[in-house]
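Engineer: One structure is given below, represented as structure tokens, and several questions about it will come after.
The values are calculated or read from the model by the stated rules, or taken from the named source; none is laboratory data. Just so we're clear, the structure is a prediction, and the values are computed from it rather than from any experiment. Because the Cβ atoms are built from the backbone with ideal geometry, glycine has one as well, and the counts that use them run over all protein chains shown. All accessible areas refer to the heavy atoms of the entire protein, side chains included, with ligands and DNA or RNA removed. Shrake-Rupley method; radii C 1.70, N 1.55, O 1.52, S 1.80 Å.
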Amino acid sequence: MTQQLTRDELVARLIRAGELEVSGDDPAEAATYFDTEKFRFHGPDGFESDFDGLNAYFAAVRDAFDDRSIRRGIMVAEGDYLACQTWIEGTFVREFTQSPSGPLPPNGERVVFDLINIFRFDNEGRLAEEWVRTDNRALLRQLTAKPS
């Protein structure tokens, strides 16, 4: 059975899914927001992944950064697609194994992942596909900055 969710319902689901991935509080609940078998992630520089890969990435973020938060900016919805700005922040206190250039040691600094996302939802309101664009150069500059 398929269901049609409103724009506001899709936005709420997207926000909650992001909060759960960043916090790691309830992996079982987080999975309910995704088509875990068919989900595809399309990232910068041709990086491709599935749901398990997305979870592994967020586990690496949780391992490396303390005091994490996520917020969403401007959201544009068209049918089953939702595009938005996303900022994920945290204090870089342990090795980050998933940086664009490989594992990096912590620098103790506050880091902001500044993203542009496009999401596609399936007929059940689950995340089926995600495209992410970010300025990896700016991110790497933050990750490798020396504390003052």
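Engineer: Express the relative contact order of the chain as a whole percentage, based on alpha carbon pairs under 8 Å and six or more residues apart in sequence.
Structural biologist: Numbers: 276 pairs, mean separation 35.7, N = 148.
Dividing the mean separation by the residue count of the chain yields 24 percent.
Engineer: On the protein heavy atoms, probe 1.4 angstrom, tell me the percent of accessible surface of the chain carried by carbon and sulfur.
Structural biologist: Values: 4090 of 8170 Å².
About 50 percent, which is the carbon plus sulfur part of the accessible surface.
Engineer: Return the calculated 222 nm mean residue ellipticity for the chain, to the nearest 500 deg cm²/dmol, obtained by summing -39500 (n - 2.57) across DSSP H runs with n ≥ 4 and dividing by the residue count.
Structural biologist: -9500 deg cm²/dmol
Engineer: Still on this structure, please answer the following. Nearest 10 degrees, 0 to 90: what angle lies between the long axis of helix 51-64 and the longest principal axis of the chain (Cα atoms)?
Structural biologist: Taking the Cα atoms of the chain, the angle to 51-64 is about 30 degrees.
Engineer: Can you give the accessible area per residue of segment 51-148, in Å², using a 1.4 Å probe?
Structural biologist: Working: 5130 Å² over 98 residues.
About 52 Å² of surface per residue is accessible.
Engineer: Can you divide the C-alpha Rg of the chain by 2.2 N^0.38 Å and report the result to two decimal places? Walk me through the numbers before you get to the answer.
Structural biologist: Working: Rg = 15.4 Å, N = 148, 2.2 N^0.38 = 14.7 Å.
So the chain has a normalised radius of gyration of 1.05.
Engineer: Shifting gears a bit: For R141 and I116, what does the FRET efficiency come to when R0 = 25 Å and r is the distance between their Cβ atoms, rounded to the nearest 0.05? The partial results should precede the final answer.
Structural biologist: Numbers: r = 18 Å, r/R0 = 0.73.
Computed FRET efficiency for R141 and I116 comes out at 0.85.
Engineer: Using only Cα atoms, find the angle between the long axis of helix 7-23 and the longest principal axis of the chain, and express it within 0 to 90 degrees, rounded to the nearest 10.
Structural biologist: Helix 7-23 sits roughly 30 degrees off the main axis of the chain.
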